[in-house]
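Written out below as structure tokens is the structure these notes cover.
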Amino acid sequence: MFAVFRNAVGSSRGSIIGWGLALFFIGVLIIPFYDTIAENAEQFTELFQAYPPEVIAFFGDITTIATPEGYLSTEYFSFMPLVLGIYALLAGSGLLVGDEEGGMLDLLMAYPVSRTAMFLGRFLAFVFVTAIILLIGWLGLYLPASRSGLGIAALDMLLAFVSLFALLTFFGAFSLMLSMLLPSRRLAAMVSGIILVLSFFVTGLARLDENLEAVAEFSPLNYYQGGGALSEMDWASAGGLIGVALLFALIGWWRFERRDIRVAGEGGWTLPLLGRRAARRRAAEPAPTGSD
């Protein structure tokens, strides 16, 4: 399993560099603007109070943007679930099925490695790579913040990334599970993406309409704290997301152990009942006879 893990991490160097550096430079770019906003806090507060409530619902309480927690929540952590959610669902859906559709997985399974070891090695590599990307993003925020007026401790800032890590693990495991259940990787990624976007809108709209609060209870983003973790971390919500992610991974592993690996290409929908009927019909047909 360690060999599978090491190979998967090595194959993800491009993702680490690309996504990690993107997060790093986003942090480097947005932190210097905080001092300007803090110096003109009253003007900015009055400006944002005039914003429509729909905007405030999706980006948090932007009237607190002059505070360190409010600034990072609005300018950084509010949109990270959508940005990094793309990475998580693409990586999760292609963790095994990507090689399968490319005609490589059956060759890799010819080596003396069990399906369980292959699955666990790939999944743990995804979790590790996600953590490394977020760690680079944390450095991109903390290094310039230590020279600004934010005044947020390194550990407190890291807690916000822990909440984001739990959410990304959830969607990565969810798309991995769907890739084991649906005919193709792109279909699994598409369904995961729809759930991500719906969760974002339902969670935001629930702040405006109390009738949607019951629906929002089933939204993964409802348990994402983002910048709120800077002041007080909700470990129960983060633990719940990771717990459900492990359940998704378990279902994906169970399905991977029992499914036939394709040689290449996408699969198709199979209906067991129709398949059994077709088999019985073929068995009932008379055997062909040779011609003179």
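The values are calculated or read from the model by the stated rules, or taken from the named source; none is laboratory data. It should be emphasised that the depicted structure is a prediction, and the values quoted were computed from it without experimental measurement. For neighbour counting, all protein chains shown are included, and Cβ atoms are generated from backbone atoms with ideal geometry for every residue, glycine included. All accessible areas refer to the heavy atoms of the entire protein, side chains included, with ligands and DNA or RNA removed. Shrake-Rupley method; radii C 1.70, N 1.55, O 1.52, S 1.80 Å.
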Exercise. Which value, in debye to the nearest 20, describes the size of the charge dipole of region 61-207 about its Cα centre when Lys and Arg Cβ atoms bear +1, Asp and Glu Cβ atoms bear -1, and nothing else is charged?
Worked result: 100 debye
For this session: For Tyr111 and Ala131, calculate 0.36 nm times their separation in residues minus their Cα-Cα distance, and state this gained length in nm to one decimal.
Result: 4.3 nm
For this session: Please say if region 100-232 is rounded, prolate or oblate, where rounded means a/c under 1.5 for a ≥ b ≥ c the square roots of the C-alpha gyration tensor eigenvalues, and otherwise the choice is prolate for a/b larger than b/c and oblate otherwise?
Result: oblate
For this session: Using a 1.4 angstrom probe on the protein heavy atoms only, line up Ile152, Ile133, Ile26 by accessible area, largest first.
Result: Ile26, Ile152, Ile133
Exercise. What percentage of the solvent-accessible surface of region 196-237, computed with a 1.4 Å probe over protein heavy atoms, is contributed by carbon and sulfur atoms?
Worked result: 57 percent
Exercise. Modelled label-to-label distance, Glu232 and Met1, 7 Å Cα→beta-carbon offset: nm?
Worked result: 3.8 nm
Seminar exercise, completed: Output for region 147-222: trypsin sites (Lys or Arg not before Pro) sitting in coil per DSSP, at most 13 other Cβ within 10 Å, listed by number, reads Arg147
Exercise. Under a point spin-label approximation (7 Å from Cα along Cα-to-Cβ), what is the Phe201-Ser146 distance to one decimal in nm?
Worked result: 4.3 nm
Problem set entry | Whole-number accessible area per residue in Å² for region 68-163, which is evaluated in the context of all protein chains at 1.4 Å | 37 Å²
For this session: Choose one of Met118, Ser146, Met104: the residue whose Cα lies farthest towards the positive end of the charge dipole of region 69-172 (beta-carbon charges +1 Lys, Arg; -1 Asp, Glu; about the Cα centre).
Result: Ser146
For this session: Find out how many positive minus negative residues lie around Leu89, taking Lys and Arg as positive, Asp and Glu as negative, among other residues whose Cβ is under 12 Å from that of Leu89.
Result: +2
Exercise. Which value in nm describes the separation of the simple spin-label points at Ala264 and Ala154, placed 7 Å from the Cα toward the beta carbon?
Worked result: 5.0 nm
